[in-house]
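FYI, it's all coordinate maths here, none of it is from the lab. Nothing here was measured: the structure is a model prediction, and the numbers come from that model.
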Amino acid sequence: MTRDQLARRIRDVLKKNGFAGATVEVRDGDDVDEDVFLTVISPKFVGKRQGETGEMIWSVLFHELAPEEWGRISLTKGLAPEKAATDWDYRTLKERKRNLLVTDKFRNSKEAEKLKHKIYSALRPCFPEDTIDVSNGPKKGLDLVVVSRRFDGLSWEEKEKLIWNVLNPALTPQEKRKVTRTLLISPEVIKQR
């Protein structure tokens, strides 16, 4: 699927799932991986924090897109209309992503497999019945997806705190930087879609 096809697909999915009046910007990411950067500007985001807006967007994308589609979305941001003009600088974010201390060699290495297992093993005792997925991200890091009823009613910050309270003692600072994306979601949010 080309970037243009992916961009059209993302716009269609979001507009069909509650973002009909939103401005959906899909921009080219890094040339190598054919990834995209996504910004959604919507009145739904007024008064919401960045993590909450991202969760609103990802709850739709995760449910409606195939993994090979949503896996190519590198950066996601939801903005209220009044913040859209001043809040987003793609060039700066692209430079920040390039400076991550993660290499291509890591992605397909034994080290990556060990880190995936280490993350999974740290989280499993706290989430024994829940879905935990640690996989290669669209670029050079790891994606962490946890679907749990423990997230019911929690804010984005509370979910992140819950996960990182478990992972912080288990991982080194360098290992933490390799977890480049997290999706922490309640089954209720998925059912609503």
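Here are the numbers for this structure:
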item: The stretch 11-17 - phi-based ³J(HN,Hα) in whole Hz, Karplus 6.51/-1.76/1.60, Gly and Pro as x; result: 4, 4, 4, 5, 5, 6, 10
item: Entries of Lys48/Lys176; Lys114/Lys159; Lys110/Lys159; Lys48/Lys77 with Cα pairs more than 19 Å apart; result: Lys48/Lys176; Lys114/Lys159; Lys110/Lys159
item: Rounded Å value of the spacing that divides the Cα centres of the stretch 49-69 and the stretch 130-193; result: 13 Å
item: For the stretch 104-192, diffusion coefficient by Stokes-Einstein and Kirkwood Rh (Cα), 4 °C, 1.567 mPa s, µm²/s; result: 96 µm²/s
item: The stretch 67-80 - phi-based ³J(HN,Hα) in whole Hz, Karplus 6.51/-1.76/1.60, Gly and Pro as x; result: x, 5, 8, 5, x, 8, 8, 7, 10, 10, 9, x, 10, 6
